[in-house]
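*Asks:* Just passing along the structure, written as structure tokens.
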Amino acid sequence: MEASGVMKRKTAVITGAGSGIGRAAALHFAQKKYRVVALGRTLSKVAETAALARSDEEIFPIAVDVTQPAQLTQAIQSVKQVNALVINAGICEQSATNDADADLVWRRVIDTNLTGSWNTVHAVSERLHQGAKVVFVSSGLGKLGRAEYTAYAASKHGMLGMMKCLALEWAPRKINVNAVCPGWVDTDMALSDLQKSAQRHRSSIDAEELLATAAIPIGRFVSAAEVASLIGWLCSAEATAITGQACNISGGEFGL
């Protein structure tokens, strides 16, 4: 993955790059001429992301389960220097406290979203270049609560705590560490979440989407590309004075 030619490209490592925000972020960084290491649980999906890049762009798809530290270590062993790290891999599952599968949902969500974030940080930390940028993809539910989203909200709150600690720990290395907190984003994950809500509430996907949209002042879901643009800006030279922050991108849905 080493660069050739006169100008060496910066390297971005992005988890959960097979769809949604992760895919949009991978394409955004590739367009900015980064060499992108696109990590995802399913190789065919991250390969699809790579196939969307233009001929002069570099996206390297690698299958990785972030709950498996050894896989992460193996995936980045040939990456000597990381200039941007986007910690995005995550799942969203709903469960009320007394549901039969509540404990399993808790473990799956925490293992992927929170422990997976730690595994990523631990694997990449020594490869972060001085002046590197790190962005966690948290959520509005990293600041707020919602009934039947206990595991998801807890994992996203935890990511913000991790981000704030690393911003302080890595400040002497001139590494900026921030998070983005999206509201409803127009992705397959959001659609799946709406489907689950419709089943739980015995309603329809359309009804759930209307309910969600009604709470968004701009009257629509955010696009994955818009979130990727914010991530890209936080990783730019223009954002070097910003660290330890959780930046909302929610169409005005929440303002904490």
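*Asks:* Report, in degrees rounded to the nearest 10, the 0 to 90 angle that the Cα long axis of helix 20-31 makes with the longest principal axis of the chain.
*Replies:* Here the helix axis deviates by roughly 20 degrees.
*Asks:* For every other residue with a beta carbon closer than 11 angstrom to the beta carbon of LEU144, add +1 if it is Lys or Arg and -1 if Asp or Glu, then tell me the sum.
*Replies:* Taking every Cβ under 11 Å from that of LEU144, the sum is +2.
*Asks:* So what is the relative contact order for the range 109-197, in percent, with contacts set as C-alpha pairs under 8 Å and at least six apart?
*Replies:* 35
*Asks:* Could you sort 78-85, 202-209 so that the peptide with the highest average Cβ count within 10 Å comes first and the rest follow in order?
*Replies:* 78-85, 202-209
*Asks:* Same structure again: Set the Förster radius R0 to 35 Å, insert the Cβ-Cβ distance between ALA237 and ARG202 as r into 1/(1 + (r/R0)^6), and round the FRET efficiency to 0.05.
*Replies:* 0.10
*Asks:* Quick one: go through the range 67-110 and flag any residue whose amide nitrogen is under 20 Å from the point 7 Å out along the Cα-to-Cβ line of GLN130.
*Replies:* Once the point is set 7 Å along Cα→Cβ of GLN130, 80-85 turn out to lie under 20 Å by backbone N, inside the range 67-110.
*Asks:* If the chain between HIS122 and LEU144 were fully stretched, how many nm would it gain, using 0.36 nm times the residue separation less the Cα-Cα distance?
*Replies:* Gain on extension, HIS122 to LEU144, equals 5.2 nm.
*Asks:* Sticking with this structure for a sec: In straight Cα distance, which lysines are under 23 Å from LYS133, not counting same-chain residues fewer than 8 positions off?
*Replies:* LYS8, LYS10, LYS32, LYS33, LYS80, LYS143, LYS156, LYS164, LYS174
*Asks:* Ok, one more. Once you order the gyration tensor axes a ≥ b ≥ c over the Cα atoms, which shape class does the range 213-256 get: rounded for a/c under 1.5, otherwise prolate or oblate by comparing a/b with b/c?
*Replies:* Taking the square roots of the gyration eigenvalues as a ≥ b ≥ c, the range 213-256 is oblate.
*Asks:* Return the distance in nm (one decimal) between the two label points of a simple spin-label model at ALA70 and GLN195, each offset 7 Å from Cα along Cα→Cβ.
*Replies:* 3.3
*Asks:* When the distances between all Cα atoms of the range 1-93 are binned every 10 Å from zero, what whole-number percent does each bin get?
*Replies:* In order of increasing distance, the bins hold 18, 54, 24, 3, 0 percent.
*Asks:* Right, another one. Take the Cβ-Cβ distance between GLU48 and SER229 as r, set R0 to 25 Å, and report the resulting FRET efficiency rounded to the nearest 0.05.
*Replies:* The formula returns an efficiency of 0.75 here.
*Asks:* If you take every residue apart from HIS157 with its C-beta less than 14 Å away from the C-beta of HIS157, what net charge results, scoring Lys and Arg +1 and Asp and Glu -1?
*Replies:* Neighbour charge sum, excluding HIS157 itself: +4.
*Asks:* What angle, in degrees between 0 and 90 and rounded to the nearest 10, separates the Cα long axis of helix 188-201 from the longest principal axis of the Cα atoms of the chain?
*Replies:* Helix 188-201 sits at roughly 20 degrees to that axis.
*Asks:* For the chain, what are Rg and Dmax over the alpha carbons, in angstrom?
*Replies:* 17.8, 60
*Asks:* Tell me, what does the Kirkwood hydrodynamic radius of the range 164-250 come to in angstroms if you use every pair of distinct C-alpha atoms?
*Replies:* Averaging 1/r across every pair of different Cα atoms and inverting gives 14.9 Å.
*Asks:* What's log10 of I(q)/I(0) for the range 28-162 at q = 0.10, 0.12, 0.14, 0.20 Å⁻¹, Debye sum over Cα points only, no solvent?
*Replies:* Ignoring solvent entirely, the Cα scatterers give -0.37, -0.52, -0.69, -1.19.
*Asks:* Which of the peptides 122-130, 96-104 is most tightly packed, and how do the rest follow, judged by the mean count of other Cβ atoms within 10 Å per residue?
*Replies:* In descending order of packing, they fall as 122-130, 96-104.
*Asks:* Going by the alpha-carbon gyration tensor, a ≥ b ≥ c the square roots of its eigenvalues, is the range 121-192 rounded (a/c under 1.5) or, if a/c is not under 1.5, prolate (a/b greater than b/c) versus oblate?
*Replies:* It comes out prolate by the Cα gyration axes.
*Asks:* Sticking with this structure for a sec: Given a Förster radius of 22 Å and the C-beta distance between ALA100 and ALA63 as r, what FRET efficiency does 1/(1 + (r/R0)^6) yield to the nearest 0.05?
*Replies:* Working from the Cβ atoms, E equals 0.10.
*Asks:* Then there is this: Take each of the peptides 61-67, 24-30, average the number of other beta-carbon atoms within 10 Å over its residues, and list them starting from the highest.
*Replies:* Put in order of decreasing packing, that is 24-30, 61-67.
*Asks:* Now for a different question. In degrees between 0 and 90, to the nearest 10, how far off the longest principal axis of the chain does helix 205-214 point, with axes built from Cα atoms?
*Replies:* 80
*Asks:* Further question on the same structure: Quick one: net charge around HIS28, please, counting Lys, Arg +1 and Asp, Glu -1 for every other residue with C-beta under 14 Å from its C-beta.
*Replies:* That works out to +4.
Read the figures in this text as sums done on the coordinates, not as results from a lab. Fair warning: this is a prediction, and the values are worked out from it, not measured in the lab. As a convention, Cβ positions derive from the backbone with ideal geometry for all residues, glycine included, and neighbour counts pool all protein chains shown.
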